[in-house]
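One structure is given below, encoded as structure tokens.
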Amino acid sequence: MFRINQFAAKNLMKKNTIRSFMVYLSDYLSFILFFTSLISVIYLFIFDTSCLASAGVFTNELTLGIASFAAVSEITILYFIYYYAKLRKCEYFSVNIKTDITFYDTVRFSILSLITLIKKIFLLFIFLSPFMLTVSATFILEDNLYPSDVIYLFVGCASLLFVFGLIFYRMYILKFSLVNYVLLNNKNLSYTEIYNKSESMTDGKKIRLFILKIMNLPKKTASLFVIPSVYFLPFCLYSEYDFLLQKENPYPSDEDTEKSVVFYLRECEN
């Protein structure tokens, strides 16, 4: 069902195993650093100011201004580093993108990610609305002292609606899987055009991609043992990109392209 380019996969994973693993972790590590810094700044400047007060930060407005500016600058820099790492990760695992990522691209991607998050929250509410309505009806029936069998039936229906709602929601939002790829490949497109192109590229593949993600779960579970994660986690991500970009990327590596050209020339000579 899933044709993965084994040549490109081995070329990416064998020769650059550690590098692939570090690229895979880069956005997670940068997000942890950003989030930790943000929480620390909020805690030190709002909830427990004793540490900064003892350091003389609050002695006058100048030192307080400098400290505040430094804290905001650090958080802002880490915020954009996180999105830059996500774009670099996409560039690396989609293999065929070779482009310079500018600060403007990073800013656009951060805005795009925020819009995507809002869309996902709204869609989650839509897909879980049958479950929420069923739960509300269950409480109404319970308040009106309906028989317990009816209550149990509604609880069972609510449970099924919750599970299926999450499954269909997870499959549907896979249409956003390539927004970062489209942004890197088509930097002049508007946000609406990026979403439309990402949706068209994933059209007809969402169910199979969802199944592929489920099939990758055992490998990701094995990655809990840390050492296998060096190979399995990058390979799982590569397999998902490769599945989505098979038509976009017929020759994922230079070696593969060269072999095809040589073969073609030989045929012509004959």
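The values are calculated or read from the model by the stated rules, or taken from the named source; none is laboratory data. Just so it is clear, the model here is predicted, and its values are computed rather than measured. Using ideal geometry, Cβ is built from the backbone for each residue, glycine included, and neighbour counts are taken over all protein chains shown. When the accessible area is computed, the model is the full protein with side chains, heavy atoms only, and any ligands, DNA or RNA have been set aside. Shrake-Rupley method; radii C 1.70, N 1.55, O 1.52, S 1.80 Å.
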For GLN246 and LYS120, extending 7 Å from Cα along the Cα-Cβ vector and measuring point to point gives, in nm, a value of 2.6
Cα gyration tensor of segment 34-75, axes a ≥ b ≥ c as square roots of the eigenvalues: rounded (a/c below 1.5), prolate (a/b > b/c) or oblate?
-> oblate
Would you kindly derive the ³J(HN,Hα) couplings of segment 177-194 from the backbone phi angles with the Karplus curve 6.51 cos²θ - 1.76 cosθ + 1.60 (θ = phi - 60°), listing them in order in whole Hz, with x for Gly and Pro?
-> 4, 10, 5, 5, 5, 5, 4, 5, 7, 9, 6, 8, 6, 6, 4, 4, 5, 5
Kindly state, to the nearest 0.05, the FRET efficiency for MET22 paired with LYS220, given R0 = 25 Å and r defined as their beta-carbon distance.
-> 0.90
Entries in LYS120/LYS213; LYS98/LYS220; LYS119/LYS219 that, when Cα-Cα distance is taken, lie over 25 Å = LYS98/LYS220; LYS119/LYS219
Along Cα→Cβ, 7 Å out, is where each label goes; now give me the distance between the ones at ASN144 and ILE42 in nm to one decimal.
-> 4.3
Return one whole number: the accessible area per residue of segment 112-178 in Å², for a 1.4 Å probe.
-> 66
Taking the highest mean first, how do the peptides 138-149, 18-29, 177-188 order by number of other beta carbon atoms within 10 angstrom per residue?
-> 177-188, 18-29, 138-149
Could you give the nm distance between label points at SER68 and ILE207, where each point is 7 Å from its Cα heading toward the beta carbon?
-> 5.7
So TYR172 and THR192, fully extended at 0.36 nm per residue minus their Cα-Cα distance, gain in nm 5.5 nm
Express the carbon and sulfur contribution to the solvent-accessible surface of segment 179-240 as a percent, rounded to the nearest whole number, probe 1.4 angstrom.
-> 65
Over segment 18-60, what percent of the accessible surface lies on carbon and sulfur atoms, probe 1.4 Å?
-> 75
State the Cα centre-to-centre distance between segment 168-237 and segment 39-87 in whole Å.
-> 35
